[in-house]
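Input: a single structure, listed below in structure tokens.
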């Protein structure tokens with residue numbers, strides 16, 4: 001018996017720990033339990049990754065990787081009134097109305113813009129004469145993405161888009177929430193929180 005084993009046996013005896021807890025069988029059971037816990041953790045992590053991928057892969061493809069990351073992470077987020085322009089490949093930000101990067105609900109808005117269920121997918125015909133009343137500008141030091149929303153909040157377009165990339169889509173599933181947020185964003189600053 002080594003001095004360390006002798007010491008731990010003495011402590012166990014003094015503290016009333018039964019010998020059965022120090023047995024090789026108990027040690028094997030502990031290792032199995034730890035192994036099962038690690039395995040369950042790995043399975044849950046894989047499920048979590050798959051779930052996030054399944055919930056966002058179409059939106060990530062629509063926005064493009066750089067725009068997707070910018071919408072998710074941009075430090076600068078501004079609400080603006082779009083300049084009258086019906087060419088969706090050449091959006092021009094109007095005068096910024098308000099810095100909204102830190103307003104309550106911004107995290108929810110970002111998430112909504114990045115999740116597949118927020119959009120109507122397919123070849124749904126969008127209104128070519130939509131009035132683009134609301135705009136958001138997501139930017140960092142090097143890039144920006146401009147997103148404009150129709151007056152009813154049911155469709156959006158963005159720029160810059162890669163060549164031959166679709167840049168308009170129906171966002172009807174989240175239109176009620178968008179309208180409410182835009183009403184708050186575009187209040188005069190004296191009325192805003």
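The values are calculated or read from the model by the stated rules, or taken from the named source; none is laboratory data. Since the model is a prediction, treat every value here as computed from it, not as a measurement. So basically every Cβ, Gly included, is an ideal-geometry build from the backbone, and we count neighbours across all protein chains shown.
Taken over the range 127-172, the criterion of being closer than 16 Å to residue 114 by Cα and exposed (fewer than 15 other Cβ atoms within 10 Å of the Cβ) is satisfied by 166 alone.
Rundown of residues vs (1) assigned to a helix (DSSP H, G or I); (2) at pLDDT below 90; (3) under 16 Å from residue 168 (Cα atoms), yes/no style:
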position	(1), (2), (3)
107	yes, no, no
110	yes, no, no
129	no, yes, yes
136	no, no, yes
147	no, no, yes
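Pairs meeting the criteria (first residue in the range 91-118 and more than 22 Å from residue 61 (Cα to Cα), second residue modelled with pLDDT under 95 and part of a helix (DSSP H, G or I), beta carbons under 8 Å, at least 6 apart or on different chains) are 97/185; 98/185; 100/106; 100/185; 103/184; 103/185; 105/181. Looking only at residues in the range 177-193 that are in a helix (DSSP H, G or I) and surrounded by 12 or more Cβ atoms within 10 Å (Cβ to Cβ), the one that is modelled with the lowest pLDDT is 185. Of everything in the range 73-88 that's in a loop (DSSP other than H, G, I, E, B) and surrounded by 12 or more Cβ atoms within 10 Å (Cβ to Cβ), which residue is modelled with the highest pLDDT? Filtering first and then ranking leaves 74.
The condition (being modelled with pLDDT under 85 and in contact with a strand residue (DSSP E or B) (Cβ under 9 Å, 6 or more places away or on another chain)) is satisfied by just one residue among 70, 4, 91: 91.
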